[in-house]
Amino acid sequence: RELNQRVREAAAAGAGRIELRGVNGQRYIGDGLRGNFTITVDGVPGNDLAAFMDGPTIIVHSNAQDCVCNTMNSGKVIIHGHAGDVLGYGMRGGKLHIAGDVGYRVGIHMKAYQNKVPVIIAGGSAGDFFGEYMAGGIMILLGMNTYRDTIVGSYLGTGMHGGAIYIRGKVGSTIQAHQLGAEVGVRDIEEKDRKLLLELLAEYCQDLDFNLEEVLSEDFQKLVPISHRPYGKLYAY
């Protein structure tokens, strides 16, 4: 509570850059903050980093825990390490860039509206239920900086009814059909997808000091919803 109060006071005073040192599990850092400033975190922040945030940039020079960017409206979070579960829950805008692996249920209930299109890019692998109930936005999984044997777990895109998931490498060699949710279809990427990936990954690589040419050295496949109302028949009228 004390840390977050001091961060709010610094932001209200017009600070352009706020540095937090020795962070060790403190929760709610950056929650609900608005404006154009940067928070750098030396250490591992606790749950709900950048929840409901609207504008600032947060840079974490370590790992992060669960629920990063929970319902975030705009801004950017850059994590120079791994991150936990339920990242980007209900995320409505902004960008989340993670260098390494992510946990379970990443991107659940992500959504897009008008010019707000949230983006999550992970350089490593992901656990089960990646993109679960996804309603909008863009998720990119690179499978490069990982300690896992597989790029993603099971139930990929379960309940997905909007947005797009891009997987680096060919589906079949990177993931198997039984890992896919019943609500998603696999598509080859088109020229418009290549342009989008180039734009998003160029920024990602700049943020995390990755080699863009290496990232783009393999092709991608696109996962899209095959229905915009996958559970419509479950309801009575």
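Things worth noting here:
- Given (1) outside any loop (DSSP other than H, G, I, E, B); (2) open to solvent by 70 Å² or more (accessible area, probe 1.4 Å); (3) not small (Gly, Ala, Ser), index of the condition Gln221 fails: (2)
- Within the stretch 149-197, the set of residues being loosely packed, with under 13 Cβ neighbours inside 10 Å and without any contact (Cβ under 8 Å) to a residue 24 or more places away in the chain comprises Asp149, Gly172, Ser173, Gln176, Ala177, Glu190, Glu191, Lys192, Lys195.
- All conditions but one from (1) modelled with pLDDT of 95 or more; (2) under 21 Å from Glu183 (Cα atoms) apply to Ala122; the one that does not is (2).
- The stretch 132-144, residues that are assigned to a strand (DSSP E or B) and either surrounded by fewer than 24 Cβ atoms within 10 Å (Cβ to Cβ) or touching a Pro at 6+ places or on another chain (Cβ under 7 Å) (or both): Ala135, Gly136, Gly137, Ile138, Ile140
- Residues of the stretch 83-100 classified as out of contact with any strand residue (DSSP E or B) (no Cβ under 7 Å at 6 or more places or on another chain) and closer than 18 Å to Tyr204 by Cα, total: 1
- Of all residues in the stretch 60-75 being farther than 21 Å from Ala112 by Cα and of a type outside the set (S, T, N, Q), the one that is surrounded by the fewest Cβ atoms within 10 Å (Cβ to Cβ): His61
- Any hit, the stretch 45-59, residues being in a strand (DSSP E or B), in contact with a helix residue (DSSP H, G or I) (Cβ under 8 Å, 6 or more places away or on another chain), over 19 Å from Leu196 (Cα atoms) and open to solvent by less than 10 Å² (accessible area, probe 1.4 Å): yes
- Within the stretch 110-131, the residues that satisfy the criterion of being open to solvent by 10 Å² or more (accessible area, probe 1.4 Å), outside any strand (DSSP E or B) and in contact (Cβ under 8 Å) with a residue 12 or more places away in the chain are Lys111, Ala112, Val117, Asp128, Phe129.
The values are calculated or read from the model by the stated rules, or taken from the named source; none is laboratory data. This structure is a prediction, so every number in the text was calculated from the model and none was measured. Neighbour counts run over all protein chains shown; Cβ positions are idealised from the backbone, glycine included. Surface areas here come from the heavy atoms of the whole protein model, side chains and all, with no ligands, DNA or RNA. Shrake-Rupley method; radii C 1.70, N 1.55, O 1.52, S 1.80 Å.
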